[in-house]
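Worksheet for the structure shown next.
The values are calculated or read from the model by the stated rules, or taken from the named source; none is laboratory data. Predicted model only: the values in this text are computed from it and were never measured. Cβ placement follows ideal geometry from the backbone for every residue including glycine, while neighbour counts extend to all protein chains displayed. Just so you know, the surface numbers come from the protein's heavy atoms only, side chains and all, with ligands and any DNA or RNA stripped out. Shrake-Rupley method; radii C 1.70, N 1.55, O 1.52, S 1.80 Å.
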Amino acid sequence: METLMTCNTGTLAPYVPTPANPWNEEKVNHVFRRLAFGGSKQEIEDALLLTPGQLIDQIFADAKALPATPPPFWANWTVNDYPVTIDPMSPVPADEQREEQIRDQSNEQFRDWQLQGIKDLKANGFRERMVFFWSNHLVTERRVYDAPSYLYQYYNLLQTLFLGNFKTLVMEIGLSNAMLDYLDGRQNFRANPNENYARELYELFTLGEGNGYTEDDIVETARALSGYVNRPVDWGPITFDATEFDDGNKTIFGQTANFDYQGVHDNLFTQRTQLIAEFICEKMYRYFVSPTVSEDIVSGMAQTMIANNFELEPVLLQLFKSEHFFNEFAFGTIIKSPYDTALIYLNETSLPIEDAMLRRLVQFTGLLQQEIFNPVDVAGWQRNKTWINSSTLTLRWQMIEVLTFDIYNRDPESLRAYGKSIAGLNNDPEQVTQLIVDTLLAKGLTLGSEYDVATDTFKSEVPENYFEAGLWNLDWESAPLQMTFLLVHIARLPEYQLK
């Protein structure tokens with residue numbers, strides 16, 4: 001990855017508010033946009049009563065206390081568990097009837113879990129932000145392994161291990177049914193080793209491309225990972241078959257032994273400790289702070305990770321409490337993903353959403369190349385500038401426009417309520433506009449003329465003399481539609497694409 005210079009000179013020392021660098025709404029919004037998917041007005045106000053360190057501690061405690069999403073009824077289904085009705089009079093062969101019915105049912109289960117996933121992302125804050133991060137790092141694609149049960153099991157594992165030990169997380173995901181199927185672990189036989197998982201274990205999951213391993217290391221690692229090939233029933237558990245394990249000596253990273261699955265990971269995390277820590281800390285930095293990397297900060301995070309034996313919590317607590325994280329040059333540096341765009345909008349405005357519209361948002365985000373549980377490939381979504389081009393930008397606008405007008409048609413008073421929650425009793429359209437704009441943007445707007453355009457949009461068709469005479473306020477009948485126009489306008493601003 002290309003590393004650029006950053007203007008953020010903050011260190012990993014804890015951020016301590018001062019009169020010149022106060023603890024304010026802008027910083028709290030920054031926390032909620034990066035660690036979760038935005039916060040409501042009430043959440044922001046409550047957070048301002050805490051110190052920065054107390055807020056981060058509370059966010060972590062709340063995330064760890066959350067129970068995992070309850071399993072669906074099909075959580076452990078194999079293909080044999082799907083109810084199938086065969087029509088003996090049909091010209092379609094029985095096997096094809098069976099396959100079609102299972103495919104239709106499993107696709108419906110997948111769509112239902114996509115809906116569950118977007119609900120979790122919206123509601124569960126930091127835990128689901130971490131789950132989303134890991135699902136784009138330890139990647140699987142449901143379109144490849146098909147089984148809804150595998151998806152649930154993988155998802156449950158991420159929810160359980162999201163803030164634990166990185167080595168444990170890698171080991172557990174590597175033995176998940178989803179990963180064994182996706183990267184061909186279950187095709188890794190003693191006599192015919194499959195190198196797919198061994199390659200990605202080093203290249204994408206722990207070290208980085210070409211960083212600290214050789215092709216011979218991959219070949220030997222594939223031998224050591226062999227044997228997890230036993231699956232008597234399609235979509236059933238994949239287990240270890242000792243007869244298919246290569247029990248000869250292997251040489252990996254210059255060490256020779258009869259390595260097995262546990263041995264591979266012990267050797268990896270012992271021989272490549274520094275490289276792993278630097279690689280994963282840089283990736284977390286890019287995700288949570290900025291695509292422009294501070295090598296000093298990443299180095300400090302890596303040393304914390306090593307000192308804590310790859311425990312994730314101390315590293316992330318250090319980062320999120322730091323003056324570096326709260327530095328003004330960290331604000332507005334990351335382009336929102338499609339899910340950021342939709343969910344931060346919903347959480348910050350507290351506008352009501354129904355399941356039907358959430359399903360539409362899943363469709364929108366899929367069109368924007370972020371289909372939940374289906375990253376584009378094993379390397380995952382590349383994020384930031386890849387989210388924006390001439391076609392996706394207009395689709396992002398359309399997504400928020402459709403969402404906002406749906407809310408206006410169902411519950412226009414919720415739009416009025418949001419405006420009042422930000423502007424209070426203010427009846428100056430310029431001030432109301434600026435308050436709302438500044439709340440929803442990471443850094444506000446640069447030019448006064450840009451606020452003027454937003455104000456004109458907000459005024460809509462209301463005659464100017466009502467504003468001049470001070471007669472207009474947010475209780476006017478037109479206010480919900482005015483709020484709709486303003487929110488749609490804000491969502492089209494270049495600055496709104498950043499968090």
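Overview of values
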| item | result |
| --- | --- |
| Cα convex hull of segment 191-235, projected area averaged across orientations, nm² | 3.9 nm² |
| Full-extension gain in nm, Glu495 to Leu435, via 0.36 nm per residue minus C-alpha separation | 20.1 nm |
| Rg [Å, one decimal], Dmax [Å, integer] - segment 90-132, C-alpha atoms | 16.7, 53 |
| Cα→Cβ-extended label distance, 7 Å offset, between Val453 and Lys385, nm | 2.3 nm |
| Diffusion constant of segment 10-79 at 25 °C, which comes from Stokes-Einstein with the Kirkwood Cα-pair radius and 0.890 mPa s, µm²/s | 169 µm²/s |
| Kirkwood hydrodynamic radius of the chain, Cα pairs, Å | 24.9 Å |
| The chain, relative contact order [Cα under 8 Å, separation at least 6], % | 19 percent |
| Kirkwood hydrodynamic radius (C-alpha pairs) into Stokes-Einstein, segment 205-305, 4 °C and 1.567 mPa s, D in µm²/s | 83 µm²/s |
| Relative contact order (%) - criterion: Cα under 8 Å, at least six apart; region: segment 197-264 | 28 percent |
| Virtual spin-label span in nm between Thr446 and Phe405, 7 Å along Cα→Cβ | 3.1 nm |
| Straight-distance crosslink candidates among aspartates and glutamates, where the alpha carbon sits under 15 Å from Lys41 and sequence neighbours closer than 8 are dropped | Glu25, Glu26, Glu348, Asp438 |
| The chain: angle of helix 355-367 to the longest principal axis, Cα-based, in degrees nearest 10 | 70 degrees |
| Helix 25-35 axis, angle to the chain major axis (alpha carbon atoms, nearest 10°) | 20 degrees |
| Reciprocal of mean inverse Cα separation for segment 140-227 (Kirkwood radius, Å) | 13.6 Å |
| Cα-based Rg of segment 325-385 normalised by 2.2 N^0.38 Å, two decimals | 1.31 |
| Cα convex hull volume per residue for segment 392-483 (Å³) | 107 Å³ |
| Projected-area average for segment 268-337 over all orientations - Cα convex hull basis, square nanometres | 4.9 nm² |
| Relative packing of peptides 246-253, 18-25 - highest average C-beta neighbours within 10 Å first | 246-253, 18-25 |
| Unit charges at the beta carbon, dipole of the chain: most positive-side option, Gly419, Gly117, Trp476 | Gly419 |
| Alpha-carbon centroids, segment 35-55 and segment 364-426: separation in whole Å | 22 Å |
| Filter on Lys122/Lys283; Lys119/Lys336; Lys167/Lys321; Lys321/Lys499; Lys167/Lys283 - keep pairs with C-alpha separation over 20 Å | Lys122/Lys283; Lys167/Lys321 |
| Nearest-ten-degree value, helix 148-161 long axis tilted from longest Cα axis of the chain | 70 degrees |
| Accessible-area composition of segment 339-411, carbon plus sulfur, in percent [1.4 Å probe] | 52 percent |
| Relative contact order computed over segment 10-71 (Cα-Cα under 8 Å; 6+ residues apart), in percent | 31 percent |
